[in-house]
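Derivation of every value follows stated rules applied to the coordinates shown; laboratory data play no part. Since the model is a prediction, treat every value here as computed from it, not as a measurement. As a convention, Cβ positions derive from the backbone with ideal geometry for all residues, glycine included, and neighbour counts pool all protein chains shown.
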């Protein structure tokens with residue numbers, strides 16, 4: 001197995017671990033944005049994602065291949081609040097040699113921005129992967145619009161039922 005395959009497999013395992021750690025394993029209630037790109041020395045890249053009204057959790061994962069490179073990532077909420085490595089208690093932050101992640105509970109709805117900075121990368125640049133994942137709250141997942149007429153028919157039908 002090549003080192004690139006190993007890195008990709010490790011990343012997939014980490015992403016699954018993060019989602020399981022968060023208590024969410026049902027993909028149908030999640031939306032995911034994935035970015036694969038390259039960043040160069042002194043470059044800053046901005047990525048956006050939209051968080052809906054009934055989002056219970058947003059995850060941001062940045063992963064790069066070369067452990068000798070150094071990247072930094074900061075999130076900005078729709079109101080402009082900066083979320084960095086000094087994350088507030090409502091945010092889970094993690095970092096190692098090739099990974100940064102944030103898990104934001106009850107994120108503010110609207111347009112979020114992630115700024116990724118190449119703190120130290122070779123002249124040829126560094127490959128990176130980003131996943132933004134948003135998970136709908138139970139209320140949004142379980143809510144189903146049923147016309148009032150159908151509810152009235154069901155109630156009337158049950159009123160005449162006997163067991």
Practice task
Over the Cα atoms of region 64-115, compute the convex hull volume and normalise it per residue, giving Å³.
Solution key: 78 Å³
Problem - residue 32 versus residue 44: modelled label distance in nm, points set 7 Å from Cα along the beta carbon direction - result: 3.0 nm
Fill in the blank from the handout: Cβ density ranking, 10 Å radius, fewest first, applied to 64, 129 yields 129, 64
Completion exercise
The correct pair for region 50-144, radius of gyration to one decimal and Dmax as a whole number, both in Å and from Cα atoms, is 14.7, 53
Handout entry: Proxy reagent accessibility, fewest Cβ within 10 Å first, across 101, 128, 40
Key = 40, 101, 128
